[in-house]
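Asker: Here it is, the structure, as C-alpha cells.
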Amino acid sequence: MITAKEYAARRRELMSMMQGNSIAVIASGREKVRSKDIHYPYKQATNLTYLCGFAEPESVLVLTPGRAQGECVLFCREKDKLRETWDGYRTGPERAVIDFGVDDAFPIGDLDEILPGMLEGKERVYFSIGRDAEFDRHLMEWVNEVRGKKGRGTPPPGEFVDVDHLLSEMRLIKTAAELKLMRKAGEISARAHCRAMKVAKPGIFEYQLQAEIEHEFIHSGASAPAYTSIVGGGANGCILHYVENRKKINNGDLVLIDAGCEFENYAADITRTFPINGKFSPEQAAIYDIVLDAQLQAIAALKPGAPYSGANDATVRVITQGLRDLGILQGDVSELIEQESYKEFYMHSSGHWLGMDVHDVGDYKIDNQWRVYEPGMVVTVEPGIYISPDNKLVAEKWRGLAVRIEDDIAITKTGYEDLTSTVPKTRHDIESLMAG
Ligand code: GLY
Ligand code: MN
Ligand code: MN
C-alpha cells in the first residue's frame, strides 16, 4: 500500500522541482465507450494515481507551490445519489480532503470558474503536453480567460512545460513501498504461470490457459491483467503480441505465455515457454537453452553503474552465437551481429522499464548516451527466438518454434533482485513441475 504520507512526499518532490511562480495541472484519464452504454474498464491517468491515488474519472489535481490557501487542490465529481446507484461510489470533494490528504477539493463543475483565478500571475504551467487534445484546448481557454483580464494587470502564463519529464524521472526510481507492491504483483503472476504449467495438456485451448492465469490473478486480489494476456500455442508464439488466444494446442507444440497482473496499480510482466506435453523435444530444447542462456547472461549484467544497453548486448551476443552454432545463421558471429542478422529471429530488444505502466516511463538515454542502472529501477529481461513457419531458409525442423523468457528485475544497491523468480525456467524444473 502507498500511504497518504508517501503520496504527499511525491507531491512535495514534484513541487520542489518546479521553477518558481508556476502551477501544475494533472488531469484524469477519460472514460471510453466500448459499445453503446458500456465503457471499457476505466484506467486512471497514471500520473494522477502516482501523485494522490485518486481513482475516479472527471478529476483534476492542481499543485501550486506556496499558495497560501492550500498547495494541493483536487477537483472531482460531486456526490450524486442517483448516479451512484447506477455507476458506483463517488468520493465527493468533502471526503476527498480527508481520504486523499489534499489541502482542498472542489466540484469538477467549478473548474472553469476557479482555475483561471489560480493561473493568474503564474509564469508557467506544468501539464502533460499533447496527451489529451480536449484538455489542451481547455487549458488554452483558461489561459485566454486570464488574458482577457489583462487590463487589470494580470499577464497570463507564458511558458508551458511538460510535467511528464519530471514525473517520469521520479517514477523510474521505485521506493521501498513500490517495490513491495511489485514483489507482490510478481509473486501472484508467477503463481499464475505455475498454475498454467500444471494444468497444461495436449488438446487444451489457448483461452483455457488464459482463464487459468487470469483466475489466479483475480483470486489473489490483483485488479486485472496488466496487459492483454498472450497465450500462443505452436507457431502463434511467433506473433509477439498474439492476443486472439482461440486455438487448440496440439501434442508436440510449445506454448508461449506472456501474462502479468496489476496489483494496487503496479504491474508484473512474465513470459514462460513450455512444451504442452511436458517434455521438450530436442529442437525445442536447443532453442530454449539459447534463450535461457541469453536471459541469464543479461540478468548477470544488471547492477548499479552498468549501462542500460549491457543486457541487450548480452542477449544479442548469446542468441547470435547460438543460432550460428545450430546452423540457423551462417557466418562470422561478429559480422552477423554487425549486420543485425539476428533480427530475423530476435526482432525486439531485451526489455523495458516496468512500474505502474507495463512499458513504464523513464528515458533510456541521457544526452544520447545509454543511462546507467540505479538502485530502485525495475527492468524486464525478455530475450526470445522466433522462427517463422514460413521461413524457407532454415531447415524445416526449426520452423514455427518460438521461445521467450521474461522476468522482472529490480536493481538493488549491490546488484539485482529477481521479482519473478518463483516460476521455474530451466527445462528440468519446468518438466518436473509439469510432471506433478
Ligand atoms: N507483455 C508485453 C511485453 O513483454 O513487453
Ligand atoms: Mn511480457
Ligand atoms: Mn515485457
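Bear in mind that the values in this text are calculations on the coordinates, not laboratory data. No experiment lies behind these values; they were computed from the predicted model shown. Cβ coordinates were reconstructed from backbone atoms using ideal geometry, including for glycine residues, and neighbour counts include every protein chain displayed.
Asker: For the condition out of contact with any His (no Cβ under 9 Å at 6 or more places or on another chain), aromatic (Phe, Trp, Tyr) and under 24 Å from Ser168 (Cα atoms), what is the one hit in Phe106, Phe100?
Answerer: After applying the criteria, what remains is Phe100.
Asker: Pick from the stretch 253-265 the residues that are in a strand (DSSP E or B) and touching a strand residue (DSSP E or B) at 6+ places or on another chain (Cβ under 9 Å): which of them is nearest to ligand 3 (Cβ to nearest atom)?
Answerer: Asp258
Asker: Take the stretch 310-355 and flag every residue that is aliphatic (A, V, I, L, M) and within 16 Å of ligand 2 (Cβ to nearest atom).
Answerer: Result: Ala311, Met347, Leu354.
Asker: Moving on to the next point. Please indicate, with yes or no, whether at least one residue in the stretch 221-235 is assigned to a helix (DSSP H, G or I) and either touching a residue at least 12 places away in the same chain (Cβ under 8 Å) or out of contact with any Asp or Glu (no Cβ under 9 Å at 6 or more places or on another chain) (or both).
Answerer: yes
Asker: Would you mind finding the one in Lys79, Lys149 that is surrounded by fewer than 18 Cβ atoms within 10 Å (Cβ to Cβ) and touching a Lys or Arg at 6+ places or on another chain (Cβ under 6 Å)?
Answerer: Criteria check complete, one pass: Lys79.
Asker: Determine which single condition Ile287 fails, assuming it passes every other condition in (1) within 19 Å of Asp418 (Cβ to Cβ); (2) assigned to a helix (DSSP H, G or I); (3) touching a strand residue (DSSP E or B) at 6+ places or on another chain (Cβ under 8 Å).
Answerer: Looking at each condition in turn, Ile287 falls short on (1).
Asker: Related question: Would you check which residues across the stretch 180-204 are under 14 Å from the mean Cα position of the chain (by Cα) and among the aliphatic types (A, V, I, L, M) and list them?
Answerer: Leu181, Met182, Ala185
Asker: Still on this structure: Out of (1) at negative phi; (2) surrounded by fewer than 20 Cβ atoms within 10 Å (Cβ to Cβ); (3) away from ligand 1 (no atom under 16 Å from the Cβ); (4) assigned to a loop (DSSP other than H, G, I, E, B), what's the single condition that is false for Ile328?
Answerer: Evaluating Ile328 over (1) at negative phi; (2) surrounded by fewer than 20 Cβ atoms within 10 Å (Cβ to Cβ); (3) away from ligand 1 (no atom under 16 Å from the Cβ); (4) assigned to a loop (DSSP other than H, G, I, E, B) leaves (2) as the failure.
Asker: Just to verify a result, which residue in the stretch 352-373, among those that are closer than 11 Å to Lys174 by Cβ and within 11 Å of ligand 1 (Cβ to nearest atom), is farthest from the chain's Cα centre (by Cα)?
Answerer: For the stretch 352-373, the residue satisfying everything is Trp353.
Asker: Name, by its number, the condition in (1) assigned to a loop (DSSP other than H, G, I, E, B); (2) crowded, with 17+ Cβ neighbours inside 10 Å; (3) polar (S, T, N, Q) that does not hold for Gln295.
Answerer: It is condition (1) that Gln295 fails.
Asker: In the list Ala192, Ala185, which residue meets the criterion of being within 15 Å of ligand 2 (Cβ to nearest atom), in contact with a helix residue (DSSP H, G or I) (Cβ under 9 Å, 6 or more places away or on another chain) and part of a helix (DSSP H, G or I)?
Answerer: On inspection, the qualifying residue turns out to be Ala192.
Asker: From (1) surrounded by fewer than 18 Cβ atoms within 10 Å (Cβ to Cβ); (2) within 16 Å of ligand 1 (Cβ to nearest atom); (3) aliphatic (A, V, I, L, M), pick out the condition that doesn't hold for Leu256.
Answerer: Here Leu256 meets the rest and fails (1).
Asker: Collect the residues in the stretch 95-139 that are of a type in the set (Asp, Glu), surrounded by 15 or more Cβ atoms within 10 Å (Cβ to Cβ) and farther than 17 Å from Leu74 by Cβ, keeping them in residue-number order.
Answerer: Answer for the stretch 95-139, where residues must be of a type in the set (Asp, Glu), surrounded by 15 or more Cβ atoms within 10 Å (Cβ to Cβ) and farther than 17 Å from Leu74 by Cβ: Glu120, Asp132, Asp136.
Asker: Count, please, the residues in the stretch 331-351 that happen to be within 16 Å of ligand 1 (Cβ to nearest atom) and small (Gly, Ala, Ser).
Answerer: Here the count works out to 3.
Asker: Let me confirm something: among Leu240, Leu209, which residue is within 16 Å of ligand 1 (Cβ to nearest atom), of a type outside the set (D, E, K, R) and under 17 Å from the mean Cα position of the chain (by Cα)?
Answerer: Leu240
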